[in-house]
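Inspection log for the structure reproduced underneath, given as structure tokens.
Where a number appears in this text, it was derived from the coordinates with a stated rule and is not lab data. Keep in mind that this is a model prediction, so the values were computed, not measured. Here Cβ is always computed from backbone atoms with ideal geometry, including for glycine, and neighbour counts include all displayed protein chains.
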Amino acid sequence: MTATHIKFAALVLAGGQSSRMGTNKALLQAYPDGPTLIEIVIEKVREAGAQEVFIVANMREPYDFLGSPIVEDAIKDIGPLGGILGGLRASTCEQNLVVACDMPNINPAVIRKMTWLIGKYDVVVPRWVDSAGAVHVEPLHAFYSQASLSKLEACIVAGVFAPLACLPSLHTRYMEDAELAPFENLASIFRNMNRPEDWVSSSNE
């Protein structure tokens with residue numbers, strides 16, 4: 001699959017506290033003078049076909065060098081959902097890829113395939129089963145339509161702040177194991193770099 005089915009923007013979430021990493025993980029480099037983690041993510045979403053890339057962060061200065069629009073969380077201190085809302089409100093695209101800034105192994109081909117599944121759904125989100133039988137759902141590697149915005153806002157009013165917990169309230173299309181089967185090493189594709197050892201092991205893959 002080499003083409004995208006729709007035009008979309010990418011909302012790169014960079015508003016986390018990086019408490020487990022001990023430093024701003026978005027700006028980590030695998031080697032001196034190499035690209036930062038967030039630069040790798042931006043390059044891959046552009047390769048996947050993103051028309052525009054928004055950096056969703058509550059500090060502007062660290063990300064000015066990227067040359068992308070920077071928007072703040074719509075609601076601070078509620079986690080990623082506040083960033084998703086901020087990005088959706090800023091974007092003029094009907095469809096928006098939400099991805100965390102600490103996922104350097106995302107696969108542009110997976111993203112392109114997701115664009116063919118959107119249809120009239122509010123959200124398209126991968127759902128896969130690992131070798132141990134555990135089910136993984138990836139709301140921070142998902143497409144959110146503008147139609148999802150009011151429903152996500154309603155979740156917040158209802159006191160639901162986790163994107164995963166919001167999915168039952170949305171018209172959600174899960175990208176299941178069978179559709180992800182052509183792609184190898186899903187655990188790596190969807191892995192977040194939360195701790196220093198995660199980043200070191202990923203850099204050596």
Enumerate the calculated ³J(HN,Hα) couplings along the range 105-113 in order (Karplus 6.51 cos²θ - 1.76 cosθ + 1.60, θ = phi - 60°), each rounded to whole Hz, writing x wherever the residue is Gly or Pro.
-> 9, 4, 10, x, 5, 4, 4, 4, 5
Contour minus Cα-Cα span, V135 to E61, at 0.36 nm per residue, comes to 22.9 nm
What are the ³J(HN,Hα) values, in whole Hz, obtained from phi via the Karplus relation 6.51 cos²θ - 1.76 cosθ + 1.60 with θ = phi - 60°, for each residue of the range 82-98 in sequence order, with x given for Gly and Pro?
-> x, x, 4, 4, x, x, 5, 5, 7, 6, 9, 7, 5, 10, 9, 7, 9
Within the chain, the percent of DSSP beta bridges that are antiparallel, given to the nearest 5, stands at 40
Would you list, by chain and number, the aspartates and glutamates whose Cα falls below 13 Å from the Cα of K151, excluding same-chain residues fewer than 8 positions away?
-> D122
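Given the peptides 126-134, 106-114, 62-70, arrange them by the average over their residues of other C-beta atoms within 10 Å, most packed first. Let's see the in-between values first.
On the way: 126-134: 12.3, 106-114: 20.4, 62-70: 15.0.
Going by the mean number of other Cβ atoms within 10 Å, highest first, we get 106-114, 62-70, 126-134.
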Simple SL model, points at 7 angstrom along Cα→Cβ for L117 and A30; separation in nm is 2.6
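If you put +1 on each Lys and Arg Cβ and -1 on each Asp and Glu Cβ, how big is the dipole of the range 21-67 around its Cα centre, in Debye rounded to 20? Don't skip to the answer; put the middle values down first.
Values: 4 positive and 7 negative charges, 33 e Å.
Dipole magnitude for the range 21-67 comes out near 160 debye.
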Partner aspartates and glutamates whose C-alpha sits under 13 Å from that of K120, ignoring same-chain residues fewer than 8 away, are E94
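When a/c is below 1.5 the answer is rounded, else prolate if a/b is larger than b/c, else oblate, so apply that to the range 41-163 with a ≥ b ≥ c taken from the square roots of the Cα gyration tensor eigenvalues. Write down the numbers at each step before the final one.
Details: a/c = 1.41, a/b = 1.10, b/c = 1.28.
The shape class here is rounded.
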Taking amide H positions as placed 1.01 Å from N in the peptide plane, with prolines and chain starts having none, which residues 5 or more places from M175, or on another chain, fall under 5 Å of its amide H?
-> V125, R127
Tell me which lysines have Cα within less than 21 Å of K44's Cα, excluding those fewer than 8 residues away on the same chain?
-> K7, K25, K113
Using +1 on the beta carbon of Lys and Arg, -1 on that of Asp and Glu, and nothing else charged, what's the dipole of the chain about the Cα centre, debye to 20?
-> 420
Under a Cβ-Cβ limit of 4.7 Å, which cysteines in the chain have nobody to pair with?
-> C93, C101
Which of L37, C166, M103 sits farthest toward the positive end of the charge dipole of the range 9-203, with +1 on the Cβ of Lys and Arg and -1 on the Cβ of Asp and Glu?
-> C166
Over the chain, what is the mean sequence separation of C-alpha contacts under 8 Å (at least six apart), divided by residue count, expressed as relative contact order in percent?
-> 24
